[in-house]
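Here is the structure we will look at.
The values are calculated or read from the model by the stated rules, or taken from the named source; none is laboratory data. The structure displayed is predicted, hence computed values, not measured ones. Neighbour counts run over all protein chains shown; Cβ positions are idealised from the backbone, glycine included.
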Amino acid sequence: MARLAVVMLMALCVLPALAMAARLPKVNRNTMVVEGRTYCDPCRAGFETSASYFIPGATVKLECKDRKTMEVMYTDEATTDNNGCYKFFVHDDHKDEMCDVKLVKSPDTNCPRISPGREQSRVILNHYNGIASQTRYANNMGFEKEEPDVFCAELLKQYQEFDEEN
(Lines give C-alpha, C1' and ligand atoms only; values in the text may rest on other atoms or scores of the structure.)
Protein backbone atom coordinates (compact mmCIF):
# COMPACT_ATOMS: atom_id res chain seq x y z
CA MET A 1 0.00 0.00 0.00
CA ALA A 2 2.84 2.38 0.87
CA ARG A 3 4.53 1.52 -2.42
CA LEU A 4 1.37 2.43 -4.34
CA ALA A 5 1.17 5.76 -2.51
CA VAL A 6 4.80 6.58 -3.47
CA VAL A 7 4.15 5.68 -7.13
CA MET A 8 1.01 7.82 -7.18
CA LEU A 9 2.84 10.75 -5.56
CA MET A 10 5.67 10.48 -8.10
CA ALA A 11 3.17 10.36 -10.96
CA LEU A 12 1.40 13.45 -9.64
CA CYS A 13 4.70 15.34 -9.41
CA VAL A 14 6.42 14.13 -12.58
CA LEU A 15 3.54 14.19 -15.08
CA PRO A 16 2.74 17.93 -14.69
CA ALA A 17 6.45 18.75 -15.00
CA LEU A 18 6.69 16.71 -18.23
CA ALA A 19 3.57 18.37 -19.62
CA MET A 20 5.01 21.84 -18.92
CA ALA A 21 8.34 20.93 -20.47
CA ALA A 22 6.61 19.76 -23.63
CA ARG A 23 4.79 23.11 -23.96
CA LEU A 24 7.87 25.33 -23.48
CA PRO A 25 9.31 26.73 -26.70
CA LYS A 26 12.55 25.15 -27.80
CA VAL A 27 15.44 27.53 -27.07
CA ASN A 28 18.15 27.63 -29.67
CA ARG A 29 21.27 26.84 -27.69
CA ASN A 30 23.37 27.95 -30.66
CA THR A 31 22.22 31.58 -30.44
CA MET A 32 25.10 33.95 -29.83
CA VAL A 33 24.75 37.43 -28.37
CA VAL A 34 27.02 40.25 -29.54
CA GLU A 35 27.30 43.10 -27.03
CA GLY A 36 29.13 46.41 -27.06
CA ARG A 37 28.88 50.16 -26.46
CA THR A 38 29.27 53.40 -28.36
CA TYR A 39 30.86 56.50 -26.86
CA CYS A 40 31.66 60.12 -27.66
CA ASP A 41 35.28 61.29 -27.60
CA PRO A 42 34.92 65.05 -26.91
CA CYS A 43 38.70 65.53 -27.00
CA ARG A 44 39.31 63.67 -30.28
CA ALA A 45 42.01 61.69 -28.47
CA GLY A 46 41.34 58.47 -30.40
CA PHE A 47 40.58 56.55 -27.21
CA GLU A 48 38.24 56.76 -24.24
CA THR A 49 39.17 59.36 -21.64
CA SER A 50 37.56 60.49 -18.41
CA ALA A 51 35.66 63.07 -20.50
CA SER A 52 34.12 60.42 -22.79
CA TYR A 53 30.46 59.55 -22.41
CA PHE A 54 28.25 56.80 -23.83
CA ILE A 55 25.77 57.62 -26.60
CA PRO A 56 22.15 56.40 -26.42
CA GLY A 57 20.26 55.97 -29.68
CA ALA A 58 23.32 55.37 -31.89
CA THR A 59 22.86 53.05 -34.86
CA VAL A 60 25.30 50.16 -35.32
CA LYS A 61 25.45 47.39 -37.92
CA LEU A 62 26.67 43.80 -37.74
CA GLU A 63 28.05 42.55 -41.03
CA CYS A 64 29.57 39.17 -41.92
CA LYS A 65 31.49 38.65 -45.18
CA ASP A 66 32.83 35.59 -46.96
CA ARG A 67 36.62 35.54 -46.48
CA LYS A 68 37.37 34.71 -50.12
CA THR A 69 34.82 36.68 -52.12
CA MET A 70 34.16 39.47 -49.58
CA GLU A 71 30.46 39.07 -50.39
CA VAL A 72 28.19 40.19 -47.55
CA MET A 73 26.56 37.03 -46.17
CA TYR A 74 24.72 38.45 -43.13
CA THR A 75 23.75 41.88 -41.87
CA ASP A 76 21.70 43.26 -38.99
CA GLU A 77 21.19 46.68 -37.39
CA ALA A 78 20.66 47.71 -33.78
CA THR A 79 20.21 50.89 -31.76
CA THR A 80 21.93 51.57 -28.46
CA ASP A 81 19.91 51.81 -25.26
CA ASN A 82 20.01 54.62 -22.67
CA ASN A 83 23.46 53.43 -21.51
CA GLY A 84 24.94 53.34 -25.02
CA CYS A 85 24.77 49.51 -25.10
CA TYR A 86 23.65 47.42 -28.05
CA LYS A 87 22.89 43.71 -28.49
CA PHE A 88 22.60 41.48 -31.54
CA PHE A 89 21.09 37.99 -31.33
CA VAL A 90 22.73 35.80 -33.96
CA HIS A 91 21.07 32.43 -34.51
CA ASP A 92 23.42 31.00 -37.13
CA ASP A 93 27.04 29.87 -36.99
CA HIS A 94 29.12 32.07 -39.31
CA LYS A 95 32.00 29.57 -39.56
CA ASP A 96 34.76 31.13 -41.70
CA GLU A 97 33.09 34.49 -42.23
CA MET A 98 34.63 37.77 -41.07
CA CYS A 99 32.11 39.56 -38.86
CA ASP A 100 32.41 43.19 -37.81
CA VAL A 101 30.23 45.54 -35.81
CA LYS A 102 30.33 48.99 -37.42
CA LEU A 103 29.17 52.45 -36.46
CA VAL A 104 26.45 53.84 -38.70
CA LYS A 105 25.07 57.04 -37.16
CA SER A 106 25.19 59.13 -34.01
CA PRO A 107 22.03 60.89 -32.82
CA ASP A 108 24.19 63.30 -30.79
CA THR A 109 24.51 66.44 -32.92
CA ASN A 110 27.43 67.58 -30.72
CA CYS A 111 29.29 64.33 -31.46
CA PRO A 112 28.41 63.31 -35.03
CA ARG A 113 31.71 62.15 -36.57
CA ILE A 114 32.84 58.55 -36.65
CA SER A 115 36.25 58.34 -34.97
CA PRO A 116 38.90 56.94 -37.37
CA GLY A 117 40.30 53.67 -36.08
CA ARG A 118 37.42 53.24 -33.62
CA GLU A 119 34.66 52.76 -36.18
CA GLN A 120 34.40 48.96 -36.12
CA SER A 121 35.12 45.91 -34.01
CA ARG A 122 35.71 42.33 -35.18
CA VAL A 123 33.74 39.53 -33.50
CA ILE A 124 33.99 35.75 -33.91
CA LEU A 125 30.63 34.16 -34.57
CA ASN A 126 31.22 30.44 -34.64
CA HIS A 127 31.09 27.70 -32.04
CA TYR A 128 34.41 26.02 -32.86
CA ASN A 129 36.89 28.54 -31.52
CA GLY A 130 37.50 27.68 -27.86
CA ILE A 131 35.12 30.37 -26.54
CA ALA A 132 32.87 28.73 -23.95
CA SER A 133 30.36 31.57 -23.65
CA GLN A 134 27.61 32.30 -26.15
CA THR A 135 28.19 36.04 -25.55
CA ARG A 136 30.67 37.87 -27.76
CA TYR A 137 31.94 41.26 -26.61
CA ALA A 138 32.86 43.85 -29.21
CA ASN A 139 35.31 46.62 -28.37
CA ASN A 140 33.72 49.99 -27.64
CA MET A 141 33.39 52.13 -30.75
CA GLY A 142 33.60 55.90 -30.84
CA PHE A 143 32.18 59.02 -32.33
CA GLU A 144 33.95 62.36 -31.93
CA LYS A 145 33.15 66.05 -31.87
CA GLU A 146 33.96 68.31 -34.82
CA GLU A 147 36.33 70.34 -32.62
CA PRO A 148 37.81 69.30 -29.25
CA ASP A 149 36.31 70.83 -26.10
CA VAL A 150 38.26 73.67 -24.45
CA PHE A 151 39.27 71.58 -21.41
CA CYS A 152 40.80 68.82 -23.55
CA ALA A 153 44.32 70.23 -23.80
CA GLU A 154 44.66 70.13 -20.02
CA LEU A 155 43.08 66.68 -19.79
CA LEU A 156 45.35 65.20 -22.45
CA LYS A 157 48.37 66.77 -20.73
CA GLN A 158 47.52 64.65 -17.66
CA TYR A 159 47.57 61.51 -19.81
CA GLN A 160 50.94 62.55 -21.26
CA GLU A 161 52.42 63.12 -17.78
CA PHE A 162 51.21 59.69 -16.67
CA ASP A 163 52.80 58.11 -19.75
CA GLU A 164 56.17 59.80 -19.08
CA GLU A 165 56.25 58.36 -15.53
CA ASN A 166 56.23 54.81 -16.90
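A residue that is out of contact with any Phe, Trp or Tyr (no Cβ under 9 Å at 6 or more places or on another chain) and either within 20 Å of Pro42 (Cα to Cα) or among the acidic types (Asp, Glu) (or both) can be found somewhere in region 90-99. Residue-level analysis places Ala58 outside the set of residues that are under 18 Å from the mean Cα position of the chain (by Cα), surrounded by 14 or more Cβ atoms within 10 Å (Cβ to Cβ) and without any contact (Cβ under 8 Å) to a residue 40 or more places away in the chain. No other residue among Val123, Val90 is buried (at least 16 other Cβ atoms within 10 Å of the Cβ), closer than 20 Å to Glu77 by Cβ and touching a Cys at 6+ places or on another chain (Cβ under 8 Å) apart from Val123. Residues of region 63-98 that are in a strand (DSSP E or B) and either out of contact with any strand residue (DSSP E or B) (no Cβ under 7 Å at 6 or more places or on another chain) or without any contact (Cβ under 8 Å) to a residue 40 or more places away in the chain (or both): Glu63, Lys65, Val72, Met73, Tyr74, Thr75, Asp76, Glu77, Ala78, Thr79, Met98.
Just to check your reading of the model, which residue among Ala22, Ala45 is out of contact with any strand residue (DSSP E or B) (no Cβ under 9 Å at 6 or more places or on another chain), on the phi < 0 side of the Ramachandran plot and either modelled with pLDDT of 95 or more or of a type in the set (Gly, Ala, Ser) (or both)?
Ala22
Looking only at region 104-124, residues that are modelled with pLDDT of 95 or more, under 19 Å from the mean Cα position of the chain (by Cα) and not basic (Lys, Arg) come to 9 in all.
Contact annotation: residue pairs with Cβ atoms under 9 Å, 6 or more positions apart or on different chains, pairing a residue in region 28-50 that is of a type in the set (S, T, N, Q) with a partner that is loosely packed, with under 14 Cβ neighbours inside 10 Å and part of a strand (DSSP E or B), are Thr31/Phe89.
When Phe89, Phe47, Phe54 are screened for being over 13 Å from Asn140 (Cα atoms) and of a type in the set (A, V, I, L, M, F, W, C), only Phe89 passes. Glu48 meets all of the listed conditions (1) part of a loop (DSSP other than H, G, I, E, B); (2) exposed (fewer than 14 other Cβ atoms within 10 Å of the Cβ) but one, namely (2).
Of the residues making up region 81-100, those that are farther than 17 Å from Thr31 by Cβ and touching a Lys or Arg at 6+ places or on another chain (Cβ under 8 Å) are Asn83, Gly84, Cys85, Asp96, Met98, Asp100.
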